[in-house]
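Structure record follows, encoded as structure tokens.
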Amino acid sequence: MKKTLAILMTLVLSIGVLIPVTATQAANGEKTEYLVQFAGPAEVGLMNAFGVKSESVLHEYQLLPVKLLELTEAQAKGLKNHPHILHVEPNAEAYALSQTVPWGISHVQAITAHNSGYTGENVKVAILDTGIDNKHEDLFSNVKGGYSVFTDSANSDPFYDGNGHGTHVAGTVAALDNNLGVIGVAYNADLYAVKVLNNSGSGSYDGIAQGIEWAVNNGMDIINMSLGGSASSAILENMVNAANNAGVLLIAAAGNSGNIFGWGDTVGYPAKYGSVMAVAAIDSNNRRANFSSHGPAVEISAPGVSVLSTTPGNNYASFNGTSMASPHVAGVAALIKGANPTLTNSQIRQIMNDTALNLGTWNYYGNGLVRAMNGINLALTY
Ligand SMILES: [Ca+2]
């Protein structure tokens, strides 16, 4: 009785499965790996019934009635529907979860600061740039708001960064500390996407001025401007002075107009104005990047060569530029402000300048390499 039933079952199963097996095999006979958990014994009979040969058994577990099998899609489907099978799952790929620390982040002592509990919490940083992709896996929870100075549909959304520049800058300031991507200098700081550059990366002094005004009106602590022009403007200067007087710390890229000889004054605007910190770019050997603008207005230096950070669509890329150096300083400023929230913008600026690592030639490096932990330690004495 039992024997007959078993045979019948086998026959029914064979017929039931035979057609789909041949049908799918013709189209897709490729075998892939599945983890299969059986409800109990009689495993061999079951596998025979589904045409699973012994060479398709890649591994048998001891702890549970589980086997790693090589199956066609049809075999897997058939087994999955059988009452004596608990689970049929594709042998999914696993990846080591890891977060890369870009060299510049440790170079400005940010990791040391993190390890001491300083992360830029409750500090608001406005990124005046091409926008920030606020859905990026390594940024989303830090992007707290934004504004676009553009009204055309392609550029009116501050969270659409059709260029990538602003998202990259934002990541250096505050990419999340998780198990993926990169980490920012001040990974708990609040980011605000102020889109003053369009998706092609260009804008106007009017747009920059509007962005500065928005930052003042919305209580920003720090403005990062990885942008600049060669034209001087009394109105733009008055605008950055007004923001500075309102208590906002302004940090800007010195410019990428340097020459390899380091001759002349090539710092751009608004970095050149006295109320703005002009940031030069250095490499991992603390040498001026040959594109980094030089001149008496250079105030401080930060990593700006091979800077790995976030780009739109959950991507990451390495860029060069004083645009990449400036957000390192903005991030350090956020760490210092977070460590001592009573500090004014001019005190934070003074602290960063007093604790920078002297690198020599003023017109190249200003006060030198910005250093988070030295800055925090001084900030705590204020
Ligand atoms: Ca991360």
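Per-residue answers, yes or no, for (1) more than 16 Å from the ligand (Cβ to nearest atom); (2) touching a strand residue (DSSP E or B) at 6+ places or on another chain (Cβ under 6 Å); (3) assigned to a loop (DSSP other than H, G, I, E, B):
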position	(1), (2), (3)
SER106	no, no, no
GLU137	no, no, yes
GLY146	yes, yes, no
SER156	yes, yes, yes
ASP177	no, no, yes
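Per the listing ASN241, ASN224, the residue uniquely farther than 15 Å from GLY203 by Cβ and in contact (Cβ under 8 Å) with a residue 24 or more places away in the chain is ASN241. If you check ASN217, ASN198, ASN178, ASN188 for being without any contact (Cβ under 8 Å) to a residue 24 or more places away in the chain and not small (Gly, Ala, Ser), only one passes: ASN217. Considering GLY131, GLY120, which residue is in the same structural domain as ASP283 (by TED's automatic domain parsing), in contact with a Lys or Arg (Cβ under 7 Å, 6 or more places away or on another chain) and assigned to a loop (DSSP other than H, G, I, E, B)? None of the other options fit; the residue is GLY131. When we screen GLY258, GLY171, GLY181, GLY203 for residues that are crowded, with 21+ Cβ neighbours inside 10 Å, part of a loop (DSSP other than H, G, I, E, B) and within 16 Å of the ligand (Cβ to nearest atom), the only hit is GLY181. Within region 282-320, the set of residues being assigned to a strand (DSSP E or B) and over 19 Å from GLY375 (Cβ atoms) comprises ARG288, VAL307, LEU308, SER309, THR310, THR311, ASN315, TYR316, ALA317, SER318, PHE319. Only one entry of ALA333, ALA242 meets the criterion of being assigned to a helix (DSSP H, G or I) and touching a Leu at 6+ places or on another chain (Cβ under 6 Å), and that entry is ALA333.
The values are calculated or read from the model by the stated rules, or taken from the named source; none is laboratory data. None of these values were measured; they are calculated from a predicted model. FYI the Cβ positions are ideal-geometry reconstructions off the backbone, even for glycines, and counts take in every protein chain you see.
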